[in-house]
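Structure, as structure tokens:
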Amino acid sequence: MSSPEIASLSWGQMKVKGCSTPYKDCKVWPGGSRSWDWRETGTNHSPGVQPADLEEVVKKGVRTVVIGRGMSEALQVPPSTVDYLKKKGIDVVVLQTEKAVQEYNALAAQGVQVGGLFHSTC
């Protein structure tokens, strides 16, 4: 199963190929995507992305996770979150969201089992 392409990105909105509803923030994985609701895990810009935010994507069998920190990189990704992924043998890439989407799409096009978390504002 392949990871869906992120078809477009603009401030506050992302569209994932094959999904009719645009997202503000989203999670993607091989075969699917959904809105990333920070309230589920109590995420905020600081301290940022938590391992709990990633569990769903990790369970989908990804080999690489790309995290988009927002347009102005306001969303933090603490070292403990990166360590969580590395301990599971998962490569992690953390970038500004526009660059993260480009990297994610490139990996998906190569057939990599890639997942991602993307923040489309701040």
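The values are calculated or read from the model by the stated rules, or taken from the named source; none is laboratory data. Predicted model, so just to flag it, every value in this text is computed and none were measured. Cβ: placed from backbone, ideal geometry, glycine included. Neighbour counts: every protein chain shown. Areas reflect the complete protein model, heavy atoms only, side chains present, ligands, DNA and RNA absent. Shrake-Rupley method; radii C 1.70, N 1.55, O 1.52, S 1.80 Å.
At a glance:
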item	result
Residue count for segment 76-122, restricted to those that are touching a residue at least 24 places away in the same chain (Cβ under 8 Å), part of a helix (DSSP H, G or I) and either over 19 Å from Tyr23 (Cβ atoms) or of a type in the set (A, V, I, L, M) (or both)	9
Filter result (under 10 Å from Val66 (Cα atoms) and out of contact with any Ser or Thr (no Cβ under 9 Å at 6 or more places or on another chain)) within segment 106-122	Leu117
Qualifying positions in segment 2-45 - buried (at least 18 other Cβ atoms within 10 Å of the Cβ) and of a type in the set (A, V, I, L, M)	Ile6, Leu9, Met14, Val16, Val28
Looking only at segment 71-117, and only at residues there that are of a type in the set (Ser, Thr, Tyr) and under 17 Å from Lys60 (Cα atoms), the one that is least open to solvent (accessible area, probe 1.4 Å)	Tyr104
Output for segment 20-70, where each listed residue is closer than 18 Å to Ser120 by Cβ, touching a residue at least 60 places away in the same chain (Cβ under 8 Å) and in a loop (DSSP other than H, G, I, E, B)	Lys24, Trp36, His45, Val49
Gly48 being more than 13 Å from Val28 (Cβ to Cβ) and open to solvent by less than 10 Å² (accessible area, probe 1.4 Å)	yes
Every residue from segment 51-70 that is surrounded by fewer than 16 Cβ atoms within 10 Å (Cβ to Cβ) and either at pLDDT below 95 or under 16 Å from Leu107 (Cα atoms) (or both)	Gly61, Arg63
Top-ranked residue in segment 1-19 [being touching a strand residue (DSSP E or B) at 6+ places or on another chain (Cβ under 9 Å) and in a loop (DSSP other than H, G, I, E, B); ranked as nearest to Pro30 (Cα to Cα)]	Ser3
